[in-house]
Amino acid sequence: MHKGTFVRTSRLMAAAIAGLMVSGTSASALVLVEKSEAQKLRADIQKQQHGLVACLVKAATNCEKSGNLVGAECNLATGTATPPADAKGKFAGDIAKCASKLAFLKKAKTLNATTGYTAMGCPGDSDSGTAGDQPYADVTAWQAATPAATRSQINTLAVALGALSGCGSQPDVKSQQKCQNAEVKRISSYAFAIQKCQLACENDYKNKKGDGGNTDSANACSVNANASSGTGDANFNACIAKAYAKATKTPLPPNVDLLVMPSLATALNEANNDVNNENDCP
């Protein structure tokens, strides 16, 4: 895998890392009733967002396979590639296919785009340039904005991960690629594991996975400042600890541990809290 794959995949890992929209914490909250239509709808949308990230990771990885440079050759934000990357010409189509899989109202029965959005607490931020969260018009507008926002918002953290991995110090391109491949696999796998822990925690009403369903606490289903452990319920903390132990069997590069992991924690927590623990309806 080329460095482009590493950087691009890292960007995507960040929404998992991101998950999606990064937003500020709201003062109000909204606890949804277990197994209610709104609760099922919200959980399914978050799962779809995780799937979008995984799909984009695959699209970027496939695009980079035919590249011959250490630098990035496939740009997720624009959907373009520098030859010989994307030799099969599928990159833009693969990105579009990822977006086409989203169906935020799939679990809706009586709720519609407007009532469903309000019932979930108006998640997402339609204007990242304005302080606080600016609600979308409805679920349809939120879904439409998610793919592009996800692709562009991941870039900063991903570039940092690529620059700080230390893989550029390897003696040759082949060694650099091997190093980068290992680091992106490690960090992205850990980010996805955290998301699974958070999704289970937020939809747990029996205190088995974190009991997040009964509270809109910003800490119950969050990781700590360096993403090494959980901050809330013991069951959630155990889930994070298990994932972290697996990810760090080989020590993290010092700069990744010092600089990237805190950014990872912030992005994951803000994305999760935006969907589950904030009520931003007007």
Taking first residues from the range 223-243 that are charged (D, E, K, R) and second residues anywhere that are in a loop (DSSP other than H, G, I, E, B) and surrounded by fewer than 22 Cβ atoms within 10 Å (Cβ to Cβ), the pairs with Cβ under 8 Å that are 6 or more apart or on different chains are D233/N207; D233/D211
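Out of the range 259-282, which residues are outside any helix (DSSP H, G or I) and either in contact with an Asp or Glu (Cβ under 6 Å, 6 or more places away or on another chain) or not hydrophobic (A, V, I, L, M, F, W, C) (or both)?
Step one: list which residues in the range 259-282 are outside any helix (DSSP H, G or I), which gives 277-282.
Residues satisfying the conditions are N277, E278, N279, D280, P282.
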Look through E37, E64 and report the one residue that is touching a Ser or Thr at 6+ places or on another chain (Cβ under 6 Å) and either at pLDDT 90 or above or among the acidic types (D, E) (or both). E64
Please work out which one of (1) closer than 18 Å to N272 by Cα; (2) at pLDDT 95 or above; (3) not aliphatic (A, V, I, L, M) is the condition N219 fails and give its number. (2)
Within the range 226-245, is there a residue that is under 14 Å from the mean Cα position of the chain (by Cα), assigned to a helix (DSSP H, G or I) and over 20 Å from Q39 (Cα atoms)? no
Pairs returned, first residue in the range 40-56 that is charged (D, E, K, R), second residue that is buried (at least 21 other Cβ atoms within 10 Å of the Cβ) and in a helix (DSSP H, G or I), beta-carbon separation under 8 angstrom, 6 or more apart or interchain, are R42/V275; R42/N276; K47/L199
Need the failing condition index for T80 against (1) surrounded by fewer than 19 Cβ atoms within 10 Å (Cβ to Cβ); (2) under 19 Å from the mean Cα position of the chain (by Cα), just the number. (2)
Taking the residues in the range 215-269 that are farther than 22 Å from S169 by Cβ and of a type in the set (D, E, K, R) as candidates, determine which candidate is surrounded by the most Cβ atoms within 10 Å (Cβ to Cβ). D233
Of the numbered conditions (1) modelled with pLDDT of 85 or more; (2) over 30 Å from K185 (Cα atoms), L102 fails exactly one; give the number of that condition. (2)
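The values are calculated or read from the model by the stated rules, or taken from the named source; none is laboratory data. Computed from a predicted model, the values in this text were never measured in an experiment. Note that we place each Cβ from the backbone using ideal geometry, even for glycine, and neighbour counts take in every protein chain shown.
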